[in-house]
1. Going from the alpha-carbon gyration tensor of the stretch A:58-110, what semi-axes, largest first and in whole Å, does one get by taking the root of 5 times each eigenvalue?
2. Which aspartates and glutamates, if any, have their Cα less than 13 Å from the Cα of B:K3, not counting same-chain residues under 8 positions apart?
3. Kindly provide the Kirkwood hydrodynamic radius of the stretch B:11-75 in Å, to one decimal, from all pairs of distinct alpha carbon atoms.
4. Binning at 10 angstrom from zero up to the longest distance, how are the C-alpha pair distances of the protein assembly as shown distributed in percent?
5. Would you be so kind as to identify which of B:S67, B:A102, B:H29 lies farthest towards the positive end of the dipole of the protein assembly as shown, taking Lys and Arg as +1 and Asp and Glu as -1 on Cβ and the Cα centre as origin?
6. Tell me, which cysteines of the protein assembly as shown are without a disulfide-compatible partner by the Cβ under 4.7 Å rule?
7. Out of every Cα pair in the stretch A:40-88, what percent are spaced more than 16 Å from each other?
8. Only Cα pairs under 8 Å and at least 6 apart count here; give the relative contact order of chain A as a rounded whole percent.
Amino acid sequence: RKEVEQDPGPFNVPEGATVAFNCTYSNSASQSFFWYRQDCRKEPKLLMSVYSSGNEDGRFTAQLNRASQYISLLIRDSKLSDSATYLCVVESYNTDKLIFGTGTRLQVFP
Amino acid sequence: DVKVTQSSRYLVKRTGEKVFLECVQDMDHENMFWYRQDPGLGLRLIYFSYDVKMKEKGDIPEGYSVSREKKERFSLILESASTNQTSMYLCASSTTVMNTEAFFGQGTRLTVV
């Protein structure tokens with residue numbers, strides 16, 4: 001089983017839609033969680049960290065469910081500029097190794 | 001402005017050649033990483049270094065080695081390049097503080113012919 005799993009998509013949604021991505025991780029001792037965004041032919045960049053209490057940044061909301069070992073990302077009021085690949089990232093317990101999911105591709109259309 | 005710089009954007013090498021990919025960061029980060037990214041497989045960790053001269057294998061270390069002689073520089077070495085090592089290679093760095101961002105270089109597209 002992969003350490004971090006995501007649905008690869010693509011998710012094709014119209015502008016203004018709400019879309020949600022989930023990601024599961026296998027190591028229950030994992031300590032830190034992130035969502036990164038990667039645009040075509042660019043390097044990944046941090047979108048947001050994911051905290052146990054959940055966190056929100058504008059139209060983006062991230063949630064962590066430790067009991068079920070999954071992380072979610074909700075994007076409200078999608079914009080064309082949200083089109084990208086969203087990468088779920090887990091930091092291994094007791095090391096600083098960052099393990100990436102394969103990414104979920106989002107395409108927002110007019 | 002924080003920076004992770006990879007020595008080449010595009011590289012073409014022949015099968016059997018020894019290949020060096022260099023990565024330099026200017027943020028005094030302890031951790032440095034080498035990943036390869038392939039369609040459908042995402043980013044896979046090749047090697048990780050948490051300090052000078054310290055390294056750990058990632059998920060796919062076979063065919064690769066690394067060197068970290070100075071804190072700011074992390075080199076990936078392909079001892080004898082093969083066509084299945086054609087890929088996008090990404091270097092990243094981060095601090096040891098929890099929940100902090102990892103910064104990536106722009107990537108090196110390596111083609112082995």
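1. With the √(5λ) rule applied to the stretch A:58-110, the semi-axes are 25, 14, 9 Å.
2. Candidates past the 8-residue exclusion: A:E43, B:D26, B:D28, B:E72, B:E101.
3. 12.8 Å
4. The calculated distribution, bin by bin, is 8, 33, 35, 19, 5, 0.
5. Checked the options; the winner is B:S67.
6. Isolated Cys, the protein assembly as shown: A:C40.
7. Above the 16 Å cut-off, the stretch A:40-88 has 45 percent of its Cα pairs.
8. Taking the mean separation of contacting Cα pairs over the length of chain A, I get 37 percent.
Each reported figure results from applying straightforward, stated rules to the coordinates on display, with no laboratory input. Not measured: the values here are computed from a predicted model. Using ideal geometry, Cβ is built from the backbone for each residue, glycine included, and neighbour counts are taken over all protein chains shown.
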